[in-house]
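Where a number appears in this text, it was derived from the coordinates with a stated rule and is not lab data. It should be emphasised that the depicted structure is a prediction, and the values quoted were computed from it without experimental measurement. Methodologically, a virtual Cβ is constructed for each residue, glycine included, from the backbone with ideal geometry; neighbour enumeration extends over all protein chains shown.
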Amino acid sequence: MLHCSMSYFCLAMLHLPNPSDARDWCNVQRQTGRSVGFVPTMGALHRGHESLVDRARIENDVCCASIFVNPLQFEDGQDFNAYPRDLNADLAVLEAHGCDMIFEGTLESFFPEVEDVRRIPMISAGPFGRGLEEVCRPGHLDGVRTIVDRLFRFVGPAKAYFGEKDFQQTLVVMDLAESLGYPDVIVCPTVREPSGLALSSRNALLSPDEKKEAERIFQSLAAAAKAWSSGIRHAHILREKMIEQFAGSRLIVEYAAVRNPSAWTADDPPGELSHAQALIAARLGRVRLIDNLQLH
């Protein structure tokens, strides 16, 4: 396991076991004039995470990351247990990409004031939590906002980096950061395989044949983008173009939607759109995948 002493300026990546130590480290960095970049993760790191760390490293004096599989955002205990975990591999990736500090934690260490973690007060996802993910995964985005609120409070003023693949989540997180007054949230482009399939920790759970089938997800988004470029501006027509790509597929589509990201009010906004994001979620067996694409 990668460790160094509590000297905050050692050359090796610092691996801290709890968020309180991470708070102290971040405070020391700012006190000495260093800017902090922060990448929150649930581990099972891939090239998408690596791109976030690389950008945080470039844009800040120091970079830190968290690894915590947050049970508050899993409505399904089996899904939580099946989530891929490989701490040693994750530590190696973070160190190779120049991360200065990584911290872990438990619900007890993130919420030390709560005697029973089963009674942690949840924070509402807010206005951007309406529909889509929250319909398919009730309480999921509340759980995201609750733990990210704690992460932000421990790390303090910083730049925090999130991937655009979890688009609705990024809207919830940006709304949270605005309410707190920190950190600056940087949303980075989705990293994809040559086929267009968005990189995801859950891709590791797919067989080669299932992975090929999952390529239809991006194909559906590309169909919406093609329709948009041809002049189509009505959400219901764009959605139909997305659904057509799943004819004969083993994928079960949970939602295919087109929304105005600045007016997050309805699954199918009336009239013509000037701004639009195509979003989709689908299941293949027990593996759930999401993706999105900006159309405007």
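Taking θ as phi - 60°, what are the ³J(HN,Hα) couplings along the stretch 55-68 by the Karplus curve (6.51, -1.76, 1.60), each to the nearest whole Hz, with x for Gly and Pro?
Result, ordered by residue: 5, 4, 5, 5, 8, 9, 6, 9, 10, 10, 9, 10, 10, 7 Hz.
Roughly how many whole Å is it from the C-alpha centroid of the stretch 65-132 to that of the stretch 241-292?
26
Please compute P(r) over all alpha-carbon pairs of the stretch 64-217, binned at 10 Å starting from zero, and give each bin as a whole-number percent.
9, 33, 42, 15, 2
By per-residue mean of other Cβ atoms within 10 Å, what is the highest-first order of 253-259, 37-43? Display every interim value, and only then the final one.
Numbers: 253-259: 21.3, 37-43: 23.9.
Highest-to-lowest ranking by the protection proxy: 37-43, 253-259.
Please compute the modelled spin-label separation between S179 and S229, points set 7 Å along Cα→Cβ, answer in nm with one decimal.
So the label points at S229 and S179 sit 3.9 nm apart.
Want the number for A92 to S20: 0.36 nm per residue separation, take away the alpha-carbon distance, what's left?
On the way: separation 72, 0.36 × 72 = 25.92 nm, distance 2.29 nm.
23.6 nm is the gain from fully extending A92 to S20.
Output the relative contact order of the stretch 14-188, whole-number percent, from Cα pairs under 8 angstrom with separation of 6+ residues.
Details: 288 pairs, mean separation 48.5, N = 175.
In percent, rounded to a whole number, it is 28.
Over the chain, what is the relative contact order in percent, taking alpha-carbon pairs closer than 8 angstrom and at least six residues apart?
Working: 533 pairs, mean separation 46.7, N = 296.
Contact order relative to length: 16 percent.
Among DSSP beta bridges whose residues both lie in the chain, state the antiparallel percentage, nearest 5. Can you show the working numbers first?
Details: 17 of 36 bridges.
Counting only bridges with both partners in the chain, antiparallel ones make up about 45 percent.
Could you give me the percent of Cα pairs per 10 Å distance bin for the stretch 201-294, shortest bin first, beginning at zero and ending with the bin that holds the maximum distance?
With 10 Å bins starting at 0, P(r) equals 17, 48, 26, 8, 0.
If each DSSP helix of 4+ residues adds -39,500 (n - 2.57) and the sum is divided by the residues in the chain, what number results at 222 nm, nearest 500 deg cm²/dmol?
Numbers: 11 runs with 111 residues, N = 296.
So the calculated ellipticity at 222 nm is -11000 deg cm²/dmol.
Return the equivalent ellipsoid semi-axes of the stretch 29-69 as a descending list in whole Å, where each equals the square root of 5 times an eigenvalue of the C-alpha gyration tensor. Mind dumping the intermediate values first?
Working: eigenvalues 88, 29, 4 Å².
In descending order, the three semi-axes are 21, 12, 4 Å.
Before anything else, pin down the relative contact order of the stretch 84-200: Cα pairs under 8 Å, at least 6 apart, normalised by residue count, whole percent. Can you show the working numbers first?
On the way: 106 pairs, mean separation 22.4, N = 117.
So the answer I get is 19 percent.
Which ³J(HN,Hα) values, rounded to whole Hz and listed in residue order, are derived for the stretch 87-100 from phi using the Karplus coefficients 6.51, -1.76 and 1.60 in 6.51 cos²θ - 1.76 cosθ + 1.60 with θ = phi - 60°, glycine and proline given as x?
4, 4, 5, 5, 4, 5, 4, 4, 5, 4, 9, x, 5, 8
Among [x] 53, 43, 37; [y] 58, 40, 39; [z] 60, 43, 34, which is the computed Cα extents along the principal axes in Å?
[y]
Once amide H atoms are built 1.01 Å from N in the peptide plane, which residues 5 or more positions from D166, or in another chain, come under 5 Å H to H?
Long-range HN contacts for D166: none found.
Using θ = phi - 60° and the Karplus form 6.51 cos²θ - 1.76 cosθ + 1.60, what ³J(HN,Hα) does each residue of the stretch 196-201 get, whole Hz, x for Gly and Pro?
Rounded to whole hertz, the list is x, 4, 5, 5, 8, 4.
Kindly rank 166-172, 73-79 from highest to lowest mean number of other beta carbons found within 10 Å of each residue. If you can, show how the numbers build up before the last one.
Values: 166-172: 23.4, 73-79: 13.6.
So the peptides 166-172, 73-79, ranked by packing, come out 166-172, 73-79.
Using a 7 Å offset from the Cα along the Cα-to-Cβ direction at both N260 and M122, what is the distance between the two label points in nm, to one decimal?
The modelled label-to-label distance comes out at 3.0 nm.
Tell me, what is the Rg over Rh of the stretch 68-149, with Rh the Kirkwood radius over Cα pairs? Before the final figure, lay out the partial values.
Values: Rg = 14.9 Å, Rh = 14.6 Å.
We get a ratio of 1.02 for the stretch 68-149.
Taking amide H positions as placed in the peptide plane 1.01 Å from N, state which residues far from H15 in sequence (5 or more) or on other chains have amide H under 5 Å from it.
C4, I102
Show the residues, 5+ positions off or on another chain, whose built amide H is closer than 5 Å to the amide H of L251.
HN-HN under 5 Å from L251: empty list.
Please compare each pair in K159/K211; K165/K212; K159/K226 to a cut-off of 25 Å on the Cα-Cα distance and tell me which ones are over it. Please report the intermediate quantities before stating the final value.
On the way: K159/K211 34 Å; K165/K212 19 Å; K159/K226 34 Å.
Beyond 25 Å: K159/K211; K159/K226.
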